[in-house]
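**Q** Starting off with a structure, shown below.
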Amino acid sequence: MILAHRPFLCPDYIARVDILIRLCFFRLQCSRLASAALPTLLAAGLCASPVSAQSIPSELESLPRPEITAKRISGIQIDGRLDEADWATLTPITDFVQAQPNDGAPGTENTEVFFGYDDEKLYIGANMYDSDPSAMITKSLERDAPGILFEEMDALGLAFDTFLDRRNSFLFFVNPMGGLKDGQGFDDGRSRDYGWNGVVDVRTTQHERGWTMEMSITWRSLRFDPSIENQSWGLNILRRVRRKNEVTYWAPLDRRNRIFLMSSAGTLKGLGRLPAGNNLTVKPFALTASGSGATLAEDLRGAEADAGLDLKYGITPNLTLDLTYRTDFSQVEADAEQVNLTRFPLFFPEQREFFLENSGTFSFGDVSRVPGVPRSNTSFRDFTLFHSRQIGLRGGTPVPLTGGARLTGRIGEMEVGLLNIQSEMFDGEAAENFSVVRLRRSVFGRSDVGVIFTNRQDTGVGGAGGSNRTVGFDTNLRLLGNLFVNAYGAASRDGSVDDEAARLAVGWRDRFWNVAASVRRIGDDFAPGMGFVRRKGIREGYATVGVHKRLADSRLLEFNPYVQTTFTTNLFAELESREQRAGLGLSFDDRSSVNFTYTDRFERITTPFTISGTAVPVGDYDFTEGSVRYSSSRGKELSGSLSVSGGGYFGGDRVSFSGSARWQPGPGVTAEVVVARNNLTLGGNEFSVDVYAGRLKYAVSTTLSFAAFVQLNAETDEMVTNLRANLIHAPLSDLFLLYTERRGMNGGGVLERFVTLKVTRLLIF
């Protein structure tokens, strides 16, 4: 149906696509040449370094990858105790190697992990011995608490590469209280999706020798090839002892990397032939809601009842089909209020579960800053061809969705992602259809090349027949272990207007050096209707050199000085922006950190804009800014962060202060306050732009939790309140009671208010 649109296939557009294809493959060939040349160039350019190659430890990933064999067992009851006889018949994994703080040393606390299986489930049993169990740090009970992942507490982590492609993974993290966070890893850890939830049963017990975990994962929750007689999966295991700031792995990893680096994982063998099953789940929902408020869209006012469902079906072992009908996102927490002190649009992250699941499959754009990759001045927040918030949201207001479908998985060696969503006519604006096609293929082991196509189309009554289409080609290469190449080319057509964008980035990151450079071009009229582009009509060059050195026998985990420069011109090579920065980052062994930066800026303003109602006129502006940021260890009862910056600002001055304080008096209780204050002198005016937020969470158990989130935006003079109660009444089945409100201060009254009761139930067939 898409190919029937003749304007998209006009000869000039096909020519542009052909040019992009040729450009992509040309860059691929260049990257091969660069992989051979860059180490030599670096060695020549950095020969004056006081650190010799011999002083840098060898890569832990170069060690042989371990293997473990699972065995068939029976009669396991998931109760957090390894007291069934079958556990005694299994050989445990015991050898864990530190990545932090003393990379390469054995773990200081013993760990045992067992693997068994039957026709229904995979079973994991583990003993995490601890010399001081009273000092274990556990802060969260509820499912998907981010602290389980982000090094705030003791935890056991598991990563399964079920197709043994050394690229993708299913992730599971458990803390001593039984709190679980699961998700997926893509592209050897380049992106992760924690919106995915598996059918998992996990129990833990704490005792005088440490803590014990039992877990079962249904085969239907995982994708694999059941035709293989003897399954072998990629596997890595993490043990975190938070009070010691110790992270160990079964398959040793360098401190730069994380558990989702599946190219360096070990192997789980001996699973035999596993049952495919129907792999069908249905998750219906029902809700009742009441909406009111002075600014609330007419379509959303009054009481209503609604119902819908999500369906997941494994078409093949490699392909999963997701269907949704009348998708509802009422349980999603409100966006965090942001202050915009630039002339460019703000990026708001996706929070809706349906779009978060398998989101890594559709990623295309600037590489985000993730562990183990070279420093960059960009991320997906600057440029991406697919940003799912373009679907079902207009200016932050929800737009009803009729339904949609998503197909993800693999066909042969090709990773596939297909998405189609239909919205309804809302508030007088036409319904729209959104389609995405994403294909990606692994090359050279740890690299990939891919293509993406997006289409946004007016449909139904009220539509003008308008359309927006985008095509892009990209490659992400990791060569010689430390050389990274990212390149993409893209073209968009919005109605009859088309334009292009392209980027090439090369970086080198080893145990000492962090070196990168990039160039990119974005046309004035480049407009991906399903993406996000922070700045258009530019040519940009970027370069950085830094080191990240760990000092032996020191509390200083990493010493990270760097310099970087960015030059941005318009398409006629006229300078628009220049940023030259020197920075120093210090990371300590308790996971606290301090960062210092000094920045020299130049900005040429050709079109006036306003900040909080104050105009910034046309002109050239040179100014400098300094900043310091401190973040304390998040594993402590009281933690927080503090950032202070000050300097020039478009002919005036700015002093900014932001800070957070978090109190976790015990498992399941978290209270947090966040403050962002900006004092500005601009155009002869003095004013402030401030945001305040408070969050309270209380988990009664792993299945019952309460949360409150209140925000005050002093610039818009509005207060946003979210109250939520969540009961998990069955696996992946929830009851939500929600109250949301947006209120204008100083007599503005209630602008928007919703009270919602929502129930979901997962059915497995």
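**Q** Plugging the Kirkwood radius over Cα pairs into Stokes-Einstein for the chain, at a temperature of 20 °C and a viscosity of 1.002 mPa s, what D comes out in µm²/s?
**A** 77 µm²/s
**Q** Relative to a virtual label point 7 Å from the Cα of Ala305 in the Cα→beta-carbon direction, which members of region 742-765 show backbone nitrogen distances below 18 Å?
**A** 755-761, by backbone N distance to the label point.
**Q** Given 0.36 nm per residue, what is the gain on full extension from Glu298 to Thr607 after removing their alpha carbon distance, in nm?
**A** Stretched out fully, the Glu298 to Thr607 stretch lengthens by 107.6 nm.
**Q** On to the next question. What is the mean projected area of the alpha carbon convex hull for region 535-697, to one decimal in square nanometres?
**A** Here the figure is 12.1 nm², rounded to one decimal.
**Q** Then there's this: For a Förster distance of 45 Å, can you work out the FRET efficiency between the beta-carbons of Thr397 and Tyr598, rounded to the nearest 0.05?
**A** 0.65
**Q** Within region 390-419, which residues have the backbone N less than 14 Å from the label spot 7 Å out from Leu439 along Cα→beta-carbon, could you tell me?
**A** Those under the cut-off are 410-418.
**Q** If r is the Cβ-Cβ distance from Leu346 to Ala708 and R0 is 30 Å, what FRET efficiency results, to the nearest 0.05?
**A** After rounding, the FRET efficiency stands at 0.75.
**Q** Give me the net charge for the shell around Gly308: Cβ to Cβ below 11 angstrom, other residues only, Lys and Arg +1, Asp and Glu -1.
**A** 0
**Q** Ok, one more. May I ask for the distance between the Cα centers of region 579-607 and region 138-174, given as a whole number of Å?
**A** Cα centroid to Cα centroid, the span is 31 Å.
**Q** What is the Cα centroid distance between region 421-469 and region 655-702, reported in whole angstrom?
**A** Here the answer is 36 Å between Cα centres.
**Q** On a straight-distance basis, which lysines could pair with Lys636 in a cross-link, Cα separation under 16 angstrom, same-chain partners fewer than 8 positions away excluded?
**A** The qualifying lysines are Lys139, Lys244.
**Q** Run the numbers for Gln338 and Ser701: contour at 0.36 nm per residue of separation, minus the present Cα-Cα distance, in nm.
**A** The span from Gln338 to Ser701 would gain 127.4 nm if fully extended.
**Q** May I ask you to compute the full-extension gain from Val673 to Ile315, defined as 0.36 nm times their residue separation minus their alpha-carbon distance, rounded to one decimal in nm?
**A** Contour length minus Cα-Cα distance gives 124.2 nm.
Readers should treat all values here as calculations from the given coordinates under stated rules, not as data from a laboratory. Small disclaimer: the values here were computed from a predicted structure and weren't measured. Cβ sites come from the backbone with ideal geometry, for glycine too, and all protein chains shown count toward neighbours.
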